[in-house]
1. Given (1) touching a strand residue (DSSP E or B) at 6+ places or on another chain (Cβ under 8 Å); (2) farther than 21 Å from residue 192 by Cα, where does residue 153 come up short, assuming only one miss?
2. Counting only residues that are over 17 Å from residue 165 (Cβ atoms) and touching a residue at least 60 places away in the same chain (Cβ under 8 Å), which one in the stretch 309-331 is surrounded by the most Cβ atoms within 10 Å (Cβ to Cβ)?
3. May I ask you to list the residues in the stretch 259-272 that are over 23 Å from residue 247 (Cβ atoms) and exposed (fewer than 13 other Cβ atoms within 10 Å of the Cβ)?
4. Just the residues that are part of a helix (DSSP H, G or I) and either under 17 Å from residue 150 (Cα atoms) or not assigned by TED's automatic domain parsing to the domain that holds residue 122 (or both), please, taken from the stretch 26-48.
5. Considering only the stretch 325-334, how many residues are part of a helix (DSSP H, G or I) and either over 17 Å from residue 300 (Cα atoms) or assigned by TED's automatic domain parsing to the domain that holds residue 156 (or both)?
6. Does the stretch 4-13 include one or more residues that are under 27 Å from the mean Cα position of the chain (by Cα), closer than 23 Å to residue 103 by Cα and touching a residue at least 60 places away in the same chain (Cβ under 8 Å)?
7. Without any contact (Cβ under 8 Å) to a residue 40 or more places away in the chain, touching a helix residue (DSSP H, G or I) at 6+ places or on another chain (Cβ under 9 Å), under 27 Å from residue 262 (Cβ atoms) and in a helix (DSSP H, G or I): does that describe residue 294?
């Protein structure tokens, strides 16, 4: 019991300390750090980071068109907010009575980050043992830097990633209710949650693909073991519930698909290298190839080790990544990162990488400060958010 308590304390420290250290220069209103200019608006910089204020709009109005138009200054159509799925805003709204909307948002992000690390450690223990899993979790707490950033501002990503890891953890253990419930939480948080259902469906279908054509259709549920696996249907059902909510609140069942330029999937694949695309805007894109390379190498490791579930989940998210045309491509890759870290775990737990990790802490921290200082929504009137 004592060892378990100490382990939880380590996880809390891993989750909180990096974020608090990132907040510190903003809280102290430092003008610069390591030569990096910082805004003088204090913690408002953290709260105003994309897309935190947009989630607070949904939390305040719950997709009420009139309230959105009357309360908030953003020159965005009402349908734009349909891209911001309801669970994270609902949690903000629930805890706003005690903390206020801005700090409720940050508090939920912190708790979600802890959950992501907690379930990652439990999953990692099955691959590298308890002792090494702690270090691997420390790596996940800090890398990639884009993950550290989204869990240090108001963001739905930590809850989304936590739910994905938890769902995959339970699915691997044959706990389909746990997989379905956490998968539904992921889906209610962000739209790519449906990809988790696709991965599960393929991983269940693929081993039976030879049996289904020769089995009577009435036997297909038994072949696919639907009596046990049906809870994963909670994932598409939760997506359906969101569309029904949009019909009720916005008068448009397909409002998500009418939310403007929030859907960054384009055909043909690799359209991100079109520097003239609206969300690309640069030809400095060589690191995108490195993202693809690391993702595919990690996937190859999982396939070679016959990790069927992790392979399918990683593959589905990676394939979708090839169709993303957005400069912030690493954020779209975050759902695959926990499983890629596990795929590289034999290397990451070695002494040599521990030394490398020490060297990476400073550039990771400085990049996070620079990114957060510039990724700010312009807000002239904070009154509606309080």
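1. (2)
2. First pass over the stretch 309-331, keeping only residues over 17 Å from residue 165 (Cβ atoms): 319-330.
Of the ones still in play, those that are also touching a residue at least 60 places away in the same chain (Cβ under 8 Å) are 320, 324-326, 328, 330.
Details: 320: 18, 324: 22, 325: 19, 326: 18, 328: 15, 330: 18.
Ranking the candidates gives 324 first.
3. Answer for the stretch 259-272, where residues must be over 23 Å from residue 247 (Cβ atoms) and exposed (fewer than 13 other Cβ atoms within 10 Å of the Cβ): 267, 268.
4. So the first thing to find is which residues in the stretch 26-48 are part of a helix (DSSP H, G or I), and the list is 26-27, 44-47.
Within the stretch 26-48, 26, 44, 45, 46, 47 qualify.
5. Narrowing the stretch 325-334 to residues part of a helix (DSSP H, G or I): 329-334.
In the following step, the residues that additionally are either over 17 Å from residue 300 (Cα atoms) or assigned by TED's automatic domain parsing to the domain that holds residue 156 (or both) were identified as 329-332, 334.
Counting residues in the stretch 325-334 that are part of a helix (DSSP H, G or I) and either over 17 Å from residue 300 (Cα atoms) or assigned by TED's automatic domain parsing to the domain that holds residue 156 (or both) gives 5.
6. yes
7. Numbers: without any contact (Cβ under 8 Å) to a residue 40 or more places away in the chain: no; touching a helix residue (DSSP H, G or I) at 6+ places or on another chain (Cβ under 9 Å): yes; under 27 Å from residue 262 (Cβ atoms): yes; in a helix (DSSP H, G or I): yes.
No: the conditions fail for residue 294.
The rows are residues; the columns are (1) loosely packed, with under 14 Cβ neighbours inside 10 Å; (2) touching a helix residue (DSSP H, G or I) at 6+ places or on another chain (Cβ under 6 Å).
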position	(1), (2)
37	yes, no
41	no, no
63	no, yes
73	yes, no
78	no, yes
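The values are calculated or read from the model by the stated rules, or taken from the named source; none is laboratory data. Everything numeric here is computed off the predicted structure, so don't read it as measured data. With ideal geometry, Cβ positions are generated from the backbone for all residues, glycine too; neighbour counts draw on all protein chains shown.
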